[in-house]
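Each value in this text was obtained by applying a stated rule to the coordinates, not by laboratory testing. Since the model is a prediction, treat every value here as computed from it, not as a measurement. Here the Cβ positions follow ideal geometry from the backbone for every residue, glycine too, while neighbour counts run over all protein chains shown.
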Amino acid sequence: MKKKICFIICPISTEGSDIRKRSDKLLKHIIEPVVSTFDYEIIRVDKVEHNESITQKILNYLETADLVISDITDHNPNCFYETGYRTALRKEIILIKDIAEKIPFDIVTIRTLDYDLNDLDAVEKIKSSLKETISNISTKKISDSTQHNGGENANLDRELLYKILNTLLNLDSKIDKFNADTISALADKLINNSRPKNENEVMLELFNGLIQNPEGLKTLASLGVFNSKK
């Protein structure tokens, strides 16, 4: 199974510079300890070997990464460009910044997590906030996926259920003894189930429901006799 990717946007600057040291500390002491618990592979472009254009590499990650964390400290133009690009794609992105930094007017309404690498309490606070934010994003993804797949699965199950019920209803008097509650319960279960079922599975569930009801079981037996005479 392909591992999820978390791409990091941050100022890089030259090796040994204060900016690089800050970004390295941020990655090591805040981002990595939190993000790794969600089983993401963390990518910062300066730490990846590649043969293609650095710009194209960044754009590829911005387009395909499951999550992006952007440090907008220093109002670095490259970081803002990458942040805007990811945002335009309407994909998951978390903004963070140094606590002393002011947020530009244009994005002041966007939630941004503050960090202070000189305050251990502040470090623990942003780690907790970052963990909660990623957890919420993960939960939303699962919920959206379930709703999407659930809708498709419900349609498939409704079609199978319709075939079964239509057959039963066409048996006229043979349905008199059938337990309506059993069909109703089965219908609810099928429609709310998140996994699609084939006809054999649906019939098995129907049988299991009937076998728990003596009257329903008698009806099932009589249906078999009826069908054998047709």
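Side notes on the structure shown:
- Residues in segment 111-124 carry Karplus couplings, in order, of 4, 10, 8, 8, 10, 9, 5, 9, 10, 4, 5, 5, 4, 5 Hz; the curve used is 6.51 cos²θ - 1.76 cosθ + 1.60 with θ = phi - 60°, and Gly or Pro positions show x.
- Scattering curve values for segment 1-110, log₁₀ I(q)/I(0), Debye with Cα scatterers, q = 0.12, 0.24 Å⁻¹: -0.40, -1.64
- Links that overshoot a 18 Å alpha carbon limit, given the list Lys3/Lys97; Lys47/Lys125; Lys97/Lys127; Lys2/Lys140: Lys3/Lys97; Lys47/Lys125; Lys2/Lys140
- Across Lys28/Lys57; Lys4/Lys102; Lys25/Lys102, pairs whose alpha-carbon gap is larger than 29 Å: Lys4/Lys102
- Neighbour net charge for Ala122 - beta-carbon separation under 9 angstrom, K R +1, D E -1: -4
- Distances between placed amide hydrogens fall under 5 Å for Ser70 paired with Ile9, Ile94, Leu95, Ile96, all partners being 5 or more residues away or on another chain.
- Size of segment 77-147: Rg and Dmax of its alpha carbons, in Å, are 14.1, 43.
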